[in-house]
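The values are calculated or read from the model by the stated rules, or taken from the named source; none is laboratory data. Predicted, not measured: the structure shown is a model, and the values here were computed from it. Here Cβ is always computed from backbone atoms with ideal geometry, including for glycine, and neighbour counts include all displayed protein chains.
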Amino acid sequence: MPSLILIKHRSNRGYEDAVAMLSDCLQKKQDWWMLKFNDYQESTASFGAMERVCSVSVCNPRHAAHILANDANRGVTAFMPLAIGVYEDKKGQVFVSQLNVRLLGMMFGGTIAEVMGMAGRDLNGVVASVAAKQ
């Protein structure tokens, strides 16, 4: 089940390059915003050292407004905004991860499925460009 809901791609880029490319790609997508960069290596440092790990909170306000216009849909705020993860394993290999937004939306149906399908396509394109071989 985890492999259905969590999509992971190996990247041939270094960590910093992957994060920078993610930012660049998101800025080029219409209506997508990077809201927050979460550096887990920094925030967990007092509990032990780890490889570089971050998540980037992303939002498309147009999509969010469409879903949240209906009171019945507002429970999905539990997984809003969406996030994309970038991390380095102990061998130094960089990966990019994301939720399978389209599949998650299908579990709800209706407007949520429609909008999350569009959001999933957008994010799949962003992640693919970051994970792509150069």
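Six or more apart or on different chains, Cβ atoms under 7 Å: show the pairs whose first residue is in region 86-113 and in contact (Cβ under 8 Å) with a residue 12 or more places away in the chain and whose second is in a strand (DSSP E or B) and among the basic types (Lys, Arg).
Gln93/Arg10; Phe95/Lys8; Phe95/Arg10; Ser97/Lys8
Scan region 78-134 residue by residue and report those that are farther than 21 Å from Leu35 by Cβ, β-branched (Val, Ile, Thr) and in contact with a Phe, Trp or Tyr (Cβ under 9 Å, 6 or more places away or on another chain).
The answer is Val94, and nothing else.
Since Val127 meets every condition but one in (1) surrounded by fewer than 16 Cβ atoms within 10 Å (Cβ to Cβ); (2) closer than 18 Å to Asp17 by Cα, which condition does it not meet?
The failed condition is (1).
Being over 20 Å from Ala20 (Cα atoms) and not in a helix (DSSP H, G or I) is the requirement here; does Ala49 meet it?
Values: over 20 Å from Ala20 (Cα atoms): yes; not in a helix (DSSP H, G or I): yes.
Criteria met by Ala49.
Which ones in region 109-134 are hydrophobic (A, V, I, L, M, F, W, C) and touching a helix residue (DSSP H, G or I) at 6+ places or on another chain (Cβ under 7 Å)?
Within region 109-134, the subset hydrophobic (A, V, I, L, M, F, W, C) is 112-113, 115-116, 118-119, 123, 126-128, 130-132.
Of everything in region 109-134, those that are hydrophobic (A, V, I, L, M, F, W, C) and touching a helix residue (DSSP H, G or I) at 6+ places or on another chain (Cβ under 7 Å) turn out to be Ile112, Ala113, Val115, Met116, Met118, Ala119, Leu123, Val126, Val130.
Show the residue pairs that are 6+ apart or on different chains and have beta-carbon atoms under 7 Å apart, the first residue being within region 10-24 and within 11 Å of Gln93 (Cβ to Cβ), the second being exposed (fewer than 14 other Cβ atoms within 10 Å of the Cβ).
Pairs that qualify, where the first residue is within 11 Å of Gln93 (Cβ to Cβ) and the partner is exposed (fewer than 14 other Cβ atoms within 10 Å of the Cβ), are Arg10/Gln93; Asn12/Lys133; Asn12/Gln134.
Can you find a residue in region 66-89 that is modelled with pLDDT of 95 or more, of a type in the set (Phe, Trp, Tyr) and in contact with a Lys or Arg (Cβ under 6 Å, 6 or more places away or on another chain)?
no
Hey, Pro81 hits all of (1) at positive phi; (2) touching a residue at least 40 places away in the same chain (Cβ under 8 Å) but one; which does it fall short on?
(1)
Any residue in region 63-77 that is in contact with a strand residue (DSSP E or B) (Cβ under 8 Å, 6 or more places away or on another chain) and within 30 Å of Thr111 (Cβ to Cβ)?
No, that holds for no residue.
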